[in-house]
1. Find the strands (runs of 3 or more DSSP E) located wholly in the range 30-69 whose residues include 2 or more that are open to solvent by 70 Å² or more (accessible area, probe 1.4 Å), and list them.
2. List, please: which pairs have Cβ atoms under 7 Å, are six or more places apart or on different chains, and start with a residue in the range 95-106 that is among the hydroxyl-bearing types (Ser, Thr, Tyr) and end with one that is open to solvent by 100 Å² or more (accessible area, probe 1.4 Å)?
Amino acid sequence: MSRLLFSARRLMPQKELLIAGTSIVKQLRGKASTPMNTIVMFVPQQEAWVVERMGRFHRILDPGLNILVPVADKIKYVQSLKEIAIDVPKQSAITSDNVTLSIDGVLYLRIIDPYRGMPY
């Protein structure tokens, strides 16, 4: 058992928890890395990849097959184009005629322009 956990730790960082005499292995999420640069790249649906050439913004790879220069181009950032739902917590409000309201909601976000959605 310990040898199996030791070999799994080399592949992915893990944390072992002991709860009531039983061992549970909990995986920790690492930072998502950008894809390795090859000549022909396939970008999945609902994603846009930002490419830098010699350290400066060059272009955005749309979903489908794309061609890159292996030495000069680098995939700097992977932008997800999926909709994000943000829950607005329940709130109470009083109107001008003293009526109490309970308000809650959901906010939907979608990235339209991947260049403007970059974190830097």
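1. Hits in the range 30-69: 40-43, 56-61, 64-67.
2. THR100/ILE94; SER102/LYS90
The values are calculated or read from the model by the stated rules, or taken from the named source; none is laboratory data. Everything numeric in this text was worked out from a predicted model, so none of it was measured. Here the Cβ is made from the backbone with ideal geometry for all residues, glycine too, and neighbour counts use every protein chain on show. Note: areas computed on protein heavy atoms with side chains; ligands, DNA, RNA excluded. Shrake-Rupley method; radii C 1.70, N 1.55, O 1.52, S 1.80 Å.
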